[in-house]
Amino acid sequence: MTKLPLQVATAVLLGLFLARYGFHWTLRLIAVVLGLACVHWLWQRFAFRPYDDLGAMPIEPDDPIMKQAVRRAKETFDEFRKLYPAHHDRSMVKFSFQTDQGVIENLWGDLVELGVAYANVYARTLPAEHHGVFDRQREIPVQTIVDWMIELPDGTLRGGFTNQALFKIFERQEGCMHPKFENHMRRFRDGLASSDADNSKPANA
């Protein structure tokens, strides 16, 4: 069950219960508002799994925030090449993969070796629309890499622009940033620059 049906059920039950015992309509209204607020707080605190919602959130291919993130990742890829040798065991890349269903999906993988034209990766995320055997150990063209990320020993992150974009898109759609996302966003050293794209909508949205 999602939050909205719970809120509707809470409002109806509170309204009927208080009406039955003759409470004034203003008290019933206040009680309903407080009940909705309590349901919202409990849902956010115990039931809501923002990372699950984030993974299932559809993103338009021309979303300006995501386009900005991919552009930023490509612009800083040479910087990543310089950082990688010192952090090879903490480096990941996101790469485009065409499934056997003809769908292009972006997957995160541990970067095992980075060459000039090709890279060896161990895929961490699996394609959703792929029916055949999927080998996690893969050699990929460097040109298919759309993002990079390094986790530093102090827990902070370099890169990860598309992940930051997902948080910003979630904030745009929901009207607020979830506290769990705010905590995670503080880990990024390379912030996704604010721009007019942050508050804009995709052209076909």
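The values are calculated or read from the model by the stated rules, or taken from the named source; none is laboratory data. Nothing here was measured: the structure is a model prediction, and the numbers come from that model. Virtual Cβ from ideal backbone geometry, glycine too; neighbours counted across all protein chains shown.
What are the residues in the range 87-124 that are of a type in the set (V, I, T) and surrounded by 14 or more Cβ atoms within 10 Å (Cβ to Cβ), if any? It would help to see each step written out before you state the result.
Start the filter on the range 87-124 by keeping residues that are of a type in the set (V, I, T), which leaves 93, 99, 103-104, 112, 116, 121.
The answer is V93, T99, V112, V121.
Out of the residues in the range 141-174 that are buried (at least 19 other Cβ atoms within 10 Å of the Cβ) and free of Cβ contacts under 8 Å to residues at least 60 places away in the same chain, state the one that is nearest to D100 (Cα to Cα).
N163
Keeping to the range 148-190, report how many residues are among the charged types (D, E, K, R) and not in a loop (DSSP other than H, G, I, E, B). Full working, then the answer.
Filtering the range 148-190 for residues among the charged types (D, E, K, R) gives 151, 154, 158, 168, 171-172, 174, 180, 182, 186-187, 189-190.
Applying the additional criterion that residues be not in a loop (DSSP other than H, G, I, E, B) yields 151, 158, 168, 171-172, 174, 180, 182.
Residues flagged as among the charged types (D, E, K, R) and not in a loop (DSSP other than H, G, I, E, B) within the range 148-190 amount to 8.
Which condition number in (1) part of a strand (DSSP E or B); (2) free of Cβ contacts under 8 Å to residues at least 24 places away in the same chain; (3) over 24 Å from R186 (Cα atoms) is the one that V121 fails?
(2)
In the range 113-125, is there at least one residue being of a type in the set (S, T, Y), at pLDDT below 95 and in the same structural domain as T144 (by TED's automatic domain parsing)?
Looking through the range 113-125, at least one residue is of a type in the set (S, T, Y), at pLDDT below 95 and in the same structural domain as T144 (by TED's automatic domain parsing).
Considering only the range 1-95, give the helices (runs of 4 or more DSSP H) lying wholly within it that have at least 1 residues that are modelled with pLDDT of 85 or more and of a type in the set (A, V, I, L, M, F, W, C).
Working: elements: 3-20, 25-42, 50-56, 64-75, 77-83.
Output list reads 3-20, 25-42, 64-75, 77-83.
On the given criteria, is H87 touching a strand residue (DSSP E or B) at 6+ places or on another chain (Cβ under 7 Å), touching a residue at least 60 places away in the same chain (Cβ under 8 Å) and either outside the structural domain of G191 (by TED's automatic domain parsing) or within 27 Å of G191 (Cβ to Cβ) (or both)? Walk me through it before giving the result.
Details: touching a strand residue (DSSP E or B) at 6+ places or on another chain (Cβ under 7 Å): yes; touching a residue at least 60 places away in the same chain (Cβ under 8 Å): yes; either outside the structural domain of G191 (by TED's automatic domain parsing) or within 27 Å of G191 (Cβ to Cβ) (or both): yes.
Considered against the rule, which asks whether it is touching a strand residue (DSSP E or B) at 6+ places or on another chain (Cβ under 7 Å), touching a residue at least 60 places away in the same chain (Cβ under 8 Å) and either outside the structural domain of G191 (by TED's automatic domain parsing) or within 27 Å of G191 (Cβ to Cβ) (or both), H87 comes out as yes.
Could you please find all residues in the range 130-140 being assigned to a loop (DSSP other than H, G, I, E, B) and either touching a residue at least 24 places away in the same chain (Cβ under 8 Å) or not assigned by TED's automatic domain parsing to the domain that holds V103 (or both)? Lay out the reasoning, then the answer.
Quick first cut of the range 130-140, residues assigned to a loop (DSSP other than H, G, I, E, B) only: 130-136.
Residues satisfying the conditions are H130, H131, G132, R136.
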